[in-house]
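Trainee: Here's a structure for you.
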Amino acid sequence: MAKRIGVLAVQGAFAEHEAMLGALGAVCHELRKASDLEEKPDGLVLPGGESTVQRKILMESGMFSPIRSWIGEGMPVLATCAGLILLAEHLSNDARTCFETLPVTVRRNAYGRQLGSFIAEAKVRHIGTMRQNFIRAPYIEQVSPEVEVLSETEGHITAVRYKNQLALSFHPEVGHDTRLHEAFLRMI
């Protein structure tokens, strides 16, 4: 039976995740409003985009509490860029946190504005070397001891796993390498 993935689709790069997961045999369901949460998915994607906009829509739409409960209950989550910011317990340069389920401190827009975007090749633990696309990316400044660091790029933590939360500073969905999405599906 195909794994059913809920993809937060209020803003940002959700279509690319849907395409990649669909190619791997998953069925994606877009989460745009509270009524989209009636059927609980097997896993959740929190895509890149603008975290402040996503947070505002989550709060105003009534989706925040159910999704936070799902994550707290152990639902597997793949979070990229803005999704990482939404999960973080602490933000070093913004007081507006969201789900607070990932015990890390994140710096928003850590590499600067859009012109600070770049591509790097770096190792990801359990995966191997892969291309990492950073677009107005955050990075992780601190992790709690129970958080597994999966990747570091230019001396900064850029990928972690904590329980069933896989959180990345970069965008694996914009390339052709499906290994991180495959790892996410194996968590389900």
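The values are calculated or read from the model by the stated rules, or taken from the named source; none is laboratory data. Because the structure is predicted, anything quoted here is derived from the model rather than measured. Here Cβ is always computed from backbone atoms with ideal geometry, including for glycine, and neighbour counts include all displayed protein chains.
Trainee: Does segment 49-58 contain at least one residue that is in contact with a helix residue (DSSP H, G or I) (Cβ under 8 Å, 6 or more places away or on another chain), among the small types (Gly, Ala, Ser) and within 21 Å of Met187 (Cβ to Cβ)?
Mentor: no
Trainee: Go through segment 80-131 and count every residue that is touching a helix residue (DSSP H, G or I) at 6+ places or on another chain (Cβ under 9 Å) and charged (D, E, K, R).
Mentor: Within segment 80-131, residues that are touching a helix residue (DSSP H, G or I) at 6+ places or on another chain (Cβ under 9 Å) and charged (D, E, K, R) number 5.
Trainee: Which residue out of Ala2, Ala15, Ala79, Ala26 is of a type outside the set (Asp, Glu), loosely packed, with under 15 Cβ neighbours inside 10 Å and in contact with a strand residue (DSSP E or B) (Cβ under 7 Å, 6 or more places away or on another chain)?
Mentor: Answer to the check: Ala2.
Trainee: So which strands (runs of 3 or more DSSP E) stay within segment 126-172 end to end and still have 3 or more residues that are without any contact (Cβ under 8 Å) to a residue 60 or more places away in the chain?
Mentor: It comes to 128-134, 139-143, 148-153, 156-162.
Trainee: Would a scan of segment 107-124 turn up a residue that is under 17 Å from the mean Cα position of the chain (by Cα), surrounded by fewer than 22 Cβ atoms within 10 Å (Cβ to Cβ) and aromatic (Phe, Trp, Tyr)?
Mentor: Within segment 107-124 (the criterion being under 17 Å from the mean Cα position of the chain (by Cα), surrounded by fewer than 22 Cβ atoms within 10 Å (Cβ to Cβ) and aromatic (Phe, Trp, Tyr)), the answer is no, since none of the residues qualifies.
Trainee: Further question: Under the condition of being touching a residue at least 24 places away in the same chain (Cβ under 8 Å) and of a type in the set (A, V, I, L, M), which residue from segment 89-106 is nearest to Ala34 (Cα to Cα)?
Mentor: Residue satisfying both the conditions and the ranking: Leu102.
Trainee: Now for a different question. (1) within 18 Å of Ile5 (Cβ to Cβ); (2) touching a His at 6+ places or on another chain (Cβ under 7 Å); (3) of a type in the set (Val, Ile, Thr): which one isn't true of Ile71, the others all being true?
Mentor: (2)
Trainee: I need a count of the residues in segment 120-144 that are modelled with pLDDT of 95 or more, aliphatic (A, V, I, L, M) and closer than 18 Å to Leu91 by Cα.
Mentor: 2
Trainee: Pick from segment 95-119 the residues that are under 13 Å from Cys81 (Cβ atoms) and assigned to a loop (DSSP other than H, G, I, E, B): which of them is modelled with the highest pLDDT?
Mentor: Ranking the candidates gives Arg108 first.
Trainee: Another question about this same structure. Go through segment 125-145 and give me each residue that's polar (S, T, N, Q) and surrounded by 15 or more Cβ atoms within 10 Å (Cβ to Cβ).
Mentor: Gln132, Asn133
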